[in-house]
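A.B. asks: One structure follows; several queries about it will come next.
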């Protein structure tokens with residue numbers, strides 16, 4: 001914001017406030033030519049021949065090409081949206097980035113990991129665990145994948161913090177309590193196990209857990225899918241607050257364009273495992289270029 | 001006066017894949033805005049007025065032509081060519097856009113909506129709160145509504161909130177897409193008053209108005225769009 005100072009009807013100068021951030025092009029994550037396939041492939045579908053493919057499935061050998069040559073960047077403090085129909089490879093991509101599944105080929109770099117000189121996918125599983133504990137947080141669509149349903153919410157958060165190297169119990173407890181308060185879990189229920197919680201509360205515990213190690217990158221996989229509208233609104237609101245107050249970068253996966261419109265500045269559209277279009281979110285919604293994106297936007301209710 | 005925005009041979013078509021056709025929206029638009037100018041655009045619905053604004057704001061993907069903008073952070077840049085990240089930055093700090101619709105997270109109060117647009121620039125909460133109070137009272141939005149959700153607002157109230165949200169940031173360049181379309185006479189006067197104030201502060205504005213008479217003696221320059229082409233009016 002630049003505030004003009006007016007004197008005798010003339011603009012004298014425009015004041016720049018100290019809190020105004022300057023332009024920042026720092027990259028948090030860079031992904032290059034990521035591929036993920038289920039199956040070994042056959043002559044019909046490898047080596048540039050993709051004749052036998054029906055969408056991203058090889059009718060000859062049954063290989064599924066879940067992600068094909070996916071490349072993109074995530075910048076500091078930005079929220080990147082990822083949309084596409086079911087089966088387009090969104091969740092596979094997220095699982096690859098969080099090392100939940102093995103990537104077939106491709107590179108990923110984080111400047112916060114060894115100056116960004118080493119391909120994350122080529123690290124040992126121990127190193128990958130370290131990366132994910134120190135530099136990432138993830139929220140899964142199904143809370144059962146992200147939380148231990150029988151442990152208390154506090155211990156779920158403590159678990160992630162211990163993995164990230166925290167050792168002081170009282171510090172961990174106060175941090176966990178503060179986070180749960182932030183995501184509006186009542187104090188009296190913090191010791192409850194997530195299995196006793198509603199879907200929306202479980203999602204919020206997951207978000208608190210994901211934030212506990214101050215990660216520079218947060219992966220949110222369909223966080224609002226399956227929640228009723230009012231709970232959805234409170235989760236969206238929470239994400240918006242995190243964007244504002246924590247300066248973390250986020251990748252938000254959703255098939256709901258309205259969710260993406262509210263949260264993401266830039267968006268990637270995936271179809272059959274490939275990125276078919278990317279751009280400013282409002283541009284994708286109002287001036288989509290690819291036939292599939294046009295169809296997607298026209299289907300909006 | 002210094003030039004702040006210059007459109008050179010801007011054209012925009014829309015390719016509609018499901019119909020297999022291309023629609024030409026605007027063609028060969030040349031326009032120059034001086035810093036601190038208030039420029040009005042008129043024209044029939046569908047003539048391409050909004051397209052010009054949306055091209056500048058990059059809501060529409062650039063195609064042909066150049067849009068040179070003099071940014072206080074980057075100097076002279078072509079808005080059609082800069083990175084998406086730079087555009088996001090400009091949208092946050094320099095270029096504002098007021099549409100006829102209000103997009104906001106559900107269950108966010110009017111006060112929070114305006115505060116958030118300041119907080120995302122990085123200012124302190126207290127400052128954001130003060131500025132929000134100032135602008136909401138200026139627009140005479142009933143204080144009883146401040147902590148209410150906009151879904152329950154009338155069309156005019158929503159629109160005033162929408163304008164407040166953009167104006168509270170005091171952008172250098174403000175694009176107005178029919179900001180007064182559904183307002184009653186009193187609210188229109190309020191908008192006009194605020195625009196006068198913004199002109200005084202040196203904000204450059206480009207606005208689409210159906211009721212140009214209302215804005216007439218405020219506008220420094222007036223254009224008319226006919227079938228996707230721009231004509232200057234005396």
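The values are calculated or read from the model by the stated rules, or taken from the named source; none is laboratory data. These figures come from a predicted structure and were not determined experimentally. Here the Cβ positions follow ideal geometry from the backbone for every residue, glycine too, while neighbour counts run over all protein chains shown.
Residue by residue, here is whether (1) in contact (Cβ under 8 Å) with a residue 12 or more places away in the chain; (2) farther than 18 Å from residue B:190 by Cα holds:
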| residue | (1), (2) |
| --- | --- |
| B:121 | yes, yes |
| B:131 | yes, no |
| B:134 | no, no |
| B:143 | no, no |
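A.B. asks: Please go through (1) surrounded by 14 or more Cβ atoms within 10 Å (Cβ to Cβ); (2) over 14 Å from the mean Cα position of the chain (by Cα) for residue B:142 and return the number of the only condition it doesn't satisfy.
C.D. replies: (1)
A.B. asks: Out of the residues in the range B:66-79 that are in contact with a helix residue (DSSP H, G or I) (Cβ under 8 Å, 6 or more places away or on another chain), more than 7 Å from chain A (Cβ to nearest Cβ) and modelled with pLDDT under 95, which is surrounded by the most Cβ atoms within 10 Å (Cβ to Cβ)?
C.D. replies: Out of the qualifying residues, it is B:71.
A.B. asks: Here's a follow-up. Scan the range A:261-275 for residues that are touching a strand residue (DSSP E or B) at 6+ places or on another chain (Cβ under 8 Å), at negative phi and more than 12 Å from chain B (Cβ to nearest Cβ) and jot them down.
C.D. replies: Correct list: A:269, A:270, A:274, A:275.
A.B. asks: Let me ask another. Under the condition of being more than 24 Å from the chain's Cα centre (by Cα) and within 30 Å of residue A:256 (Cβ to Cβ), which residue from the range A:138-189 is surrounded by the most Cβ atoms within 10 Å (Cβ to Cβ)?
C.D. replies: Out of the qualifying residues, it is A:189.
A.B. asks: Inside the range B:170-185, can you point out the residues that are touching a residue at least 40 places away in the same chain (Cβ under 8 Å) and either out of contact with any helix residue (DSSP H, G or I) (no Cβ under 9 Å at 6 or more places or on another chain) or not in a strand (DSSP E or B) (or both)? Give the steps one after another, and end with the answer.
C.D. replies: Within the range B:170-185, the subset touching a residue at least 40 places away in the same chain (Cβ under 8 Å) is B:171-179, B:181-182.
Those that are touching a residue at least 40 places away in the same chain (Cβ under 8 Å) and either out of contact with any helix residue (DSSP H, G or I) (no Cβ under 9 Å at 6 or more places or on another chain) or not in a strand (DSSP E or B) (or both): B:171, B:172, B:178, B:179, B:181, B:182.
A.B. asks: Test residue B:199 against the criterion of being within 14 Å of another protein chain (Cβ to nearest Cβ), under 28 Å from residue B:87 (Cα atoms) and part of a helix (DSSP H, G or I), and give yes or no.
C.D. replies: Working: within 14 Å of another protein chain (Cβ to nearest Cβ): yes; under 28 Å from residue B:87 (Cα atoms): yes; part of a helix (DSSP H, G or I): yes.
For residue B:199, the condition - within 14 Å of another protein chain (Cβ to nearest Cβ), under 28 Å from residue B:87 (Cα atoms) and part of a helix (DSSP H, G or I) - is met.
A.B. asks: Right, next: Residues to consider are B:162, B:148; find the one that is touching a residue at least 12 places away in the same chain (Cβ under 8 Å) and in contact with a helix residue (DSSP H, G or I) (Cβ under 7 Å, 6 or more places away or on another chain).
C.D. replies: Details: B:162 fails: in contact with a helix residue (DSSP H, G or I) (Cβ under 7 Å, 6 or more places away or on another chain).
Just a single option satisfies the conditions, and that option is B:148.
A.B. asks: Here is a follow-up. From the list B:81, B:104, B:110, which residue is over 15 Å from residue B:208 (Cα atoms) and in contact with a strand residue (DSSP E or B) (Cβ under 9 Å, 6 or more places away or on another chain)? Before the answer, list the steps.
C.D. replies: Numbers: B:104 fails: in contact with a strand residue (DSSP E or B) (Cβ under 9 Å, 6 or more places away or on another chain); B:110 fails: in contact with a strand residue (DSSP E or B) (Cβ under 9 Å, 6 or more places away or on another chain).
It is B:81.
A.B. asks: For the range B:125-182, how many residues are on the phi > 0 side of the Ramachandran plot and within 14 Å of chain A (Cβ to nearest Cβ)? Outline the logic, then answer.
C.D. replies: Here is the first cut: in the range B:125-182, the ones on the phi > 0 side of the Ramachandran plot are B:140, B:170, B:178.
Remaining after also requiring within 14 Å of chain A (Cβ to nearest Cβ): B:170.
Of the residues in that region, 1 qualify.
A.B. asks: Do any strands (runs of 3 or more DSSP E) lying entirely in the range B:24-126 carry at least 3 residues that are over 17 Å from the mean Cα position of the chain (by Cα), and which ones are they? So that I can check it myself, show each step before the final result.
C.D. replies: Values: elements: B:38-43, B:64-71, B:75-78, B:95-98.
So the answer is B:64-71, B:75-78.
A.B. asks: What pairs come up if the first residue lies in the range A:86-104 and is under 16 Å from residue A:119 (Cα atoms), the second is in a loop (DSSP other than H, G, I, E, B), and their beta carbons are under 6 Å apart, counting only those six or more places apart or on different chains?
C.D. replies: What qualifies is A:96/A:103.
A.B. asks: I'm checking my understanding of the structure. Among residues of the range A:286-301 that are buried (at least 20 other Cβ atoms within 10 Å of the Cβ) and more than 8 Å from chain B (Cβ to nearest Cβ), which one is nearest to residue A:224 (Cα to Cα)?
C.D. replies: A:296
A.B. asks: Residues that are over 28 Å from residue A:282 (Cβ atoms) and at pLDDT below 95: find the helices (runs of 4 or more DSSP H) completely inside the range A:62-164 holding 2 or more of those. Don't jump to the end; show me each part of the working.
C.D. replies: Values: elements: A:90-97, A:125-135, A:143-146, A:153-163.
Answer list for the range A:62-164: A:125-135, A:143-146, A:153-163.
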